[in-house]
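Below: the structure, in structure tokens.
The values are calculated or read from the model by the stated rules, or taken from the named source; none is laboratory data. Small disclaimer: the values here were computed from a predicted structure and weren't measured. Virtual Cβ from ideal backbone geometry, glycine too; neighbours counted across all protein chains shown.
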Amino acid sequence: MKTLIDLYLTFLKIGVVNFGGGYAMLPLLERELVEDKKWTSREELLDYFAIGQCTPGIIALNVSTFIGYKQKGVLGGITATLGFLTCPIVIILLIAAFLTNFADLPIVKHAFAGIRVCVCVLILQAVLRLWKTSIVDKITLFMFVVIFLLAISGKVLPVSIPPAILVILSGITGIIIGKEK
């Protein structure tokens, strides 16, 4: 029961600052789940992010479910998920109730502009951490360049490749490269 309460409270704390989505949350998730709680490794957390990117829903929410399940099975997954969702649901309900009355105020517009800048910094920080642990040799650098070009091809070509397909292809490529080593 203590672990379930800990799961709920940890993800409640994470959920309350869930601005910017999954990638912006990576530094916080690393600190809480890898460094403080030691519930997962950095590599496993990155794997959960990859899977979370391919599954429906918010990446950080999916990660909370994976971590909860790892710790305490189905009940742990549900508990962690509910912990993560509690504050955002309350905040969204409050914002929905009041924002339409205040959305056009300059102070509110400026606040959101400031939040967007912060989210960009958090996402950049997550990208740099991912870079350090993912791009480890010439092969992974080559994979990065190819995947990046495929990901942005939708901006130039009439067809874009869905992110889930890119992740699946990357996983297959990783398996093939791993077998050759």
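One residue stands out in segment 32-73 among those that are surrounded by 15 or more Cβ atoms within 10 Å (Cβ to Cβ) and among the hydroxyl-bearing types (Ser, Thr, Tyr): the one that is farthest from Gln125 (Cα to Cα), namely Tyr69. In segment 77-106, of all residues being modelled with pLDDT of 90 or more and of a type in the set (A, V, I, L, M), the one that is surrounded by the most Cβ atoms within 10 Å (Cβ to Cβ) corresponds to Ala80. Whether any residue in segment 144-155 is without any contact (Cβ under 8 Å) to a residue 12 or more places away in the chain and either in contact with a Gly (Cβ under 7 Å, 6 or more places away or on another chain) or not in a helix (DSSP H, G or I) (or both) is what I want to check. Within segment 144-155, none of the residues are without any contact (Cβ under 8 Å) to a residue 12 or more places away in the chain and either in contact with a Gly (Cβ under 7 Å, 6 or more places away or on another chain) or not in a helix (DSSP H, G or I) (or both).
Results for (1) surrounded by 13 or more Cβ atoms within 10 Å (Cβ to Cβ); (2) outside any helix (DSSP H, G or I); (3) without any contact (Cβ under 8 Å) to a residue 40 or more places away in the chain, shown as yes or no for each residue.
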position	(1), (2), (3)
Phe112	no, no, yes
Leu124	no, no, yes
Val136	no, yes, yes
Ile139	yes, no, yes
Ile165	no, no, yes
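Taking segment 62-108 on its own, how many of its residues are over 19 Å from Val34 (Cβ atoms), of a type in the set (Val, Ile, Thr) and in contact with a Gly (Cβ under 8 Å, 6 or more places away or on another chain)?
Of the residues in that region, 4 qualify.
Starting from residues that are β-branched (Val, Ile, Thr) and at pLDDT 85 or above, keep the ones in segment 129-146 and report whichever is nearest to Leu169 (Cα to Cα). The qualifying residue nearest to Leu169 (Cα to Cα) is Val146. Yes or no: segment 56-72 includes at least one residue that is assigned to a helix (DSSP H, G or I), of a type in the set (A, V, I, L, M, F, W, C), modelled with pLDDT of 90 or more and more than 15 Å from Leu130 (Cα to Cα). Scanning segment 56-72, I find at least one residue that is assigned to a helix (DSSP H, G or I), of a type in the set (A, V, I, L, M, F, W, C), modelled with pLDDT of 90 or more and more than 15 Å from Leu130 (Cα to Cα), so the answer is yes. For segment 147-164, enumerate the residues that are hydrophobic (A, V, I, L, M, F, W, C) and in contact with a helix residue (DSSP H, G or I) (Cβ under 9 Å, 6 or more places away or on another chain). Hits for segment 147-164 are Ile147, Leu150, Ala151, Val159, Ile161, Ala164. Residues in segment 1-31 that are modelled with pLDDT of 85 or more, over 17 Å from Cys87 (Cα atoms) and not hydrophobic (A, V, I, L, M, F, W, C) were compared, and the one that is surrounded by the fewest Cβ atoms within 10 Å (Cβ to Cβ) is Lys2.
Which of the following residues is of a type outside the set (S, T, N, Q) and closer than 30 Å to Val16 by Cα: Ile177, Ile168, Ile123, Ile139?
None of the other options fit; the residue is Ile123.
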